[in-house]
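The structure under discussion appears below in the form of C-alpha cells.
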Amino acid sequence: MKAIIYETYGGPDVLKLKEIDKPSPKNGEVLIKNHATGLNKADWFMLTGKPFIARVESGLTRPKHQILGSDVAGIVEAVGPGVTRFKVGDAVIGDLSENGRGGLAEFVCAPEDVLGFKPAALSFEQAAAVPMAALTAYQGLVHTGQIAAGQRVLINGASGGVGTFAVQIAKAMGAHVTAVCSTPKIELMHTLGADEIVDYTQQDFTQSQQQYDLIFAVNGYQTLAEYQQILAPAGRYVCCGGEFKQIFQAMLFGGWMTRGTQQTMKTFVSKPNAQDLEAVIQLVEREAIAPVMDQQVDLAQSADALRKLGQGHAKGKMVVTIFSAD
C-alpha cells in the first residue's frame, strides 16, 4: 500500500511517499480501506517534534509511529478476532490519536472501540474532518466545561478545526456564544451562528466588561490573570490549545489561582472513545453541527497541507483524500 512516511523529525520536507506492507487486524481491530484523513495541529507537533515535550509520546530521538494522521474515514476491509460492532463493508470514522495514528496511508488498523459509523449524509472527506476536532470540542465543553443552556460562552480560536465545532456545539447546547477570530474569518463565524464576534486584531477581549460562564481557549496567548478577570464568579476556564506558555500556566497554576473561589481553570486533552463519538455523530446527523473544510488534497500533497496547517493559515480542517469514493 502507499503511505506518507516520516523517519525523522523536521518540517514537511522530511515526508516521503512510499510503498509499504498492508497491516493485518489484531484482536479487537478492524482493517480500514481509508478513503480520507483529516489533519490536526497535533500532526504538526508529531512531525516537528516540537515542543520537545511532544516527544514523550512520539519518541525522544525519532518517531515511534512513522505515519501521521489521526482522523480516518473509510470502509471496513477485514475484521480481527473478537470484533462484534462492525462487519466488512461498513463505512466508519474514528480518531486514532491514542492508537498509533496511521491515517496518511491507504489502509490502517483501528480498535473497534474508537470507531463509529460514518454519517450517511457526509462524504468521506467531510466525515474525516469530524473525529478529533469535534471530540475535543465536545468533551471540553460538555465534560470539562459543563456547558449549560443560557450560559455566556467565549471561544478563543474559534475559526480553526476545533473552534468551528466548538461554536456549533455550544450553540446546539443553548449557550450565548462569543467567538474570537481574525478579520478574514468574521463571516464564517456569522455562518456558524455566533451571537457575538470579537476581531482580536482590533479589540482585546480580555479588557471587556463582559463576564463569561465558560471560556474555551483553543488558541491564543493570553495569561491566566487576563482570562480570570473576565470569568464569572462561578465560571470555568478550559484550555485545550494556544501557546504552550498558556497551556503550562493553566496546568501548573490554575488550581492555585482559583483557590477560595467557585471558579475553575483547567487544561484538557481529549480522549477518543466510541460513546462520545456517537454523541458527536448524532449532532451531525440532526444537522446541529457540520465540518468546516479549508482544503482537500490528495495523498501526494500531504506535505503542502501540513505546511499550511503548521503556519496557522487553515480556516477549518485540511483533509487528505486517499481513495476516491467516485
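The values are calculated or read from the model by the stated rules, or taken from the named source; none is laboratory data. Model, not experiment: these values are computed from the prediction. Please note: Cβ atoms are built from the backbone with ideal geometry, for glycine as well, and neighbour counts cover all protein chains shown. Ligands, DNA and RNA are stripped out before the accessible areas are found, and what is left, the full protein with its side chains, is counted by its heavy atoms. Shrake-Rupley method; radii C 1.70, N 1.55, O 1.52, S 1.80 Å.
For the chain, the dipole from Cβ point charges (+1 on Lys and Arg, -1 on Asp and Glu) about the Cα centre works out to 660 debye, to the nearest 20. Comparing Met132, Met265, Met173 in a Gaussian network model of the chain (Cα springs below 10 Å), the most mobile by mean-square fluctuation is Met173. Its Cα centre serving as origin, region 236-292 has a Cβ charge dipole (Lys and Arg +1, Asp and Glu -1) of approximately 400 debye.
Think of it as helices only: each DSSP H run of n ≥ 4 in the chain is worth -39500 (n - 2.57), and spread over all residues that comes to -7000 deg cm²/dmol at 222 nm.
On full extension of the chain, what length is gained from Glu278 through Asp298, given 0.36 nm per residue of separation minus the C-alpha to C-alpha distance? The partial results should precede the final answer.
Details: separation 20, 0.36 × 20 = 7.20 nm, distance 2.78 nm.
Contour length minus the Cα-Cα distance gives 4.4 nm.
Along region 100-114 the Karplus relation, 6.51 cos²θ - 1.76 cosθ + 1.60 evaluated at θ = phi - 60°, assigns HN-Hα couplings of x, 6, x, x, 7, 7, 6, 9, 8, 9, 8, x, 5, 7, 10 Hz to successive residues, with x for each Gly and Pro. When all protein chains stay in place and ligands, DNA and RNA are ignored, the 1.4 Å accessible-area order of Tyr212, Tyr138, Tyr200, largest first, is Tyr200, Tyr138, Tyr212.
A dipole drawn for the chain from +1 and -1 charges on Cβ atoms has a positive end, and of Ala179, Thr48, His190 the residue lying farthest that way is Thr48. Normalised per residue, the accessible area of region 135-204 is 35 Å², obtained with a 1.4 Å probe and no contribution from ligands, DNA or RNA.
Computed over region 85-236, the convex hull of the alpha-carbon atoms projects to a mean area of 10.7 nm². Farthest towards the positive end of the charge dipole of the chain, among the residues Gly103, Gln249, Ile147, is the Cα of Gln249, using unit charges on the Cβ of Lys, Arg, Asp and Glu.
I'd like the per residue volume of the convex hull spanned by the Cα atoms of region 178-259, given in cubic angstrom. Write out the running numbers ahead of the final one.
On the way: hull volume 7.4 nm³, N = 82.
With only Cα atoms used, region 178-259 gives 91 Å³ per residue.
Given in Å, the Rg to one decimal and the Dmax to the nearest whole number for the Cα atoms of region 174-326 are 17.9, 59.
Quick check: convex hull over the Cα atoms of region 1-136, volume per residue in Å³, rounded to an integer?
Working: hull volume 13.9 nm³, N = 136.
Hull volume normalised by residue count: 102 Å³.
For volume of the Cα convex hull per residue in Å³, the value calculated from this model appears in (i) 144; (ii) 155; (iii) 129 under label (iii).
Rounded to the nearest 20 debye, the dipole magnitude of region 1-105 is 140 debye, with +1 charges on Lys and Arg beta carbons, -1 on Asp and Glu beta carbons, and the Cα centre as origin. Residues considered: Gly11, Gly157, Gly103. Largest GNM mean-square fluctuation over the chain, using C-alpha springs under 10 Å, is found at Gly11.
Counting alpha carbon pairs within less than 8 Å and at least 6 residues apart, what relative contact order, in whole percent, applies to region 1-59?
31 percent.
Once C-alpha pairs closer than 8 Å and six or more residues apart are averaged by separation and normalised to the residue number of region 52-155, the relative contact order reads 25 percent. Think of region 264-326 as having a plus end and a minus end, set by charges on the Cβ of Lys, Arg, Asp and Glu; of Thr321, Ala274, Gln311, Gln311 sits farthest toward the positive end of this dipole.
When the Gaussian network model of the chain links Cα atoms closer than 10 Å, the mean-square fluctuations of Asn40, Asn219, Asn273 top out at Asn273.
Computed from label points 7 Å out along Cα-Cβ, the spacing between Gln207 and Leu60 is 4.7 nm. Centre-to-centre, using Cα atoms only, region 1-50 and region 113-148 are separated by 21 Å.
Summarising the amide proton neighbourhood of Tyr237: residues at separation of 5 or more, or on other chains, whose placed amide H is nearer than 5 Å comprise Ile215, Thr264, Met265, Lys266. Accessible surface of the chain, 1.4 Å probe: 50 percent of it comes from carbon and sulfur atoms.
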